[in-house]
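Visitor: Okay, here's the structure, questions in a sec.
The values are calculated or read from the model by the stated rules, or taken from the named source; none is laboratory data. Just so it is clear, the model here is predicted, and its values are computed rather than measured. With ideal geometry, Cβ positions are generated from the backbone for all residues, glycine too; neighbour counts draw on all protein chains shown.
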Amino acid sequence: MKILVVEDDEHIAKNLKKGLELKSHVVDVALDGEDGYDFAQSEDYDVIILDRMLPGMDGMEICKKLREDEIKTPILMLTAKTTVDDRVDGLNIGADDYLGKPFAFEELLARVNALARRPNETLQSVLKVDDLTLNPSTYEVKRGNTVLDLSKKEYSLLEFLIRNEGIVFTKEQLTERVWEFESDVLPNTAQVYIGYLRNKVDRAFPKKKELIQTVRGFGYKLE
């Protein structure tokens with residue numbers, strides 16, 4: 001799944017991103033309300049994890065504006081304000097679920113998975129480019145009828161590229177989007193993983209079209 005985390009506490013945001021990526025999800029992070037709203041409005045997500053108290057634009061306002069924009073992505077709202085009235089206000093403004101801080105990551109993950117199972121206009125059951133398919137619900141990746149064995153990070157990178165089909169990304173941009181907040185990332189990490197994916201997605205199928213492409217002087221794309 002592709003998940004947006006809008007959380008101004010960088011420590012919480014970092015841990016959420018790391019934990020969700022270990023479950024093979026693609027995760028974008030925004031550290032303030034305005035950036036969070038821009039992300040949610042401009043890209044398709046399967047679930048949005050939204051802090052209520054944010055600088056610039058709070059979570060309640062973001063949620064209200066997204067629903068007014070007819071963006072129906074499931075929203076899990078996080079907050080330290082956990083009275084009944086607070087929860088009711090959040091749900092009435094358009095949130096789909098409400099989780100108080102502090103919280104257990106296992107509970108958050110279960111709630112995210114439950115929201116993703118609900119039918120909605122943004123959730124895609126299977127992502128496809130040519131004969132390459134990726135199922136965010138089962139984490140199964142196929143080229144034609146052949147199942148590909150990918151590591152968690154290879155899966156996350158491939159899902160990011162599929163969801164952004166045809167868009168060129170530099171290795172720095174890929175590192176920022178897929179490895180954000182990870183301290184042990186090297187400058188050529190994205191380039192190395194592109195090579196791993198090429199071996200499994202393209203070179204293993206020499207008679208098929210190469211889907212992962214290098215745009216010389218710019219970066220990489222999947223198309």
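Visitor: For the stretch 134-147, what are the residues that are out of contact with any helix residue (DSSP H, G or I) (no Cβ under 8 Å at 6 or more places or on another chain) and either under 15 Å from ALA204 (Cβ atoms) or assigned to a loop (DSSP other than H, G, I, E, B) (or both)?
Guide: Of everything in the stretch 134-147, those that are out of contact with any helix residue (DSSP H, G or I) (no Cβ under 8 Å at 6 or more places or on another chain) and either under 15 Å from ALA204 (Cβ atoms) or assigned to a loop (DSSP other than H, G, I, E, B) (or both) turn out to be THR138, LYS142, GLY144, ASN145, THR146, VAL147.
Visitor: Still on this structure, I have one more. PRO55 is checked against (1) crowded, with 17+ Cβ neighbours inside 10 Å; (2) more than 18 Å from the chain's Cα centre (by Cα); (3) not acidic (Asp, Glu) and fails just one. What number does that condition carry?
Guide: It is condition (1) that PRO55 fails.
Visitor: So, in the stretch 1-37, how many residues would count as being part of a loop (DSSP other than H, G, I, E, B) and farther than 15 Å from LYS152 by Cβ?
Guide: 5
Residue-by-condition table, conditions (1) of a type in the set (A, V, I, L, M, F, W, C); (2) loosely packed, with under 15 Cβ neighbours inside 10 Å; (3) closer than 29 Å to THR73 by Cα:
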| site | (1), (2), (3) |
| --- | --- |
| ASN135 | no, yes, yes |
| TYR139 | no, no, yes |
| GLU154 | no, no, yes |
| ILE162 | yes, no, yes |
| GLN173 | no, yes, yes |
| VAL185 | yes, yes, no |
| VAL192 | yes, yes, no |
| GLY195 | no, yes, no |
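Visitor: Take LYS200 and tell me if it is closer than 27 Å to ASN113 by Cβ, outside the structural domain of GLY19 (by TED's automatic domain parsing) and at pLDDT 90 or above.
Guide: yes
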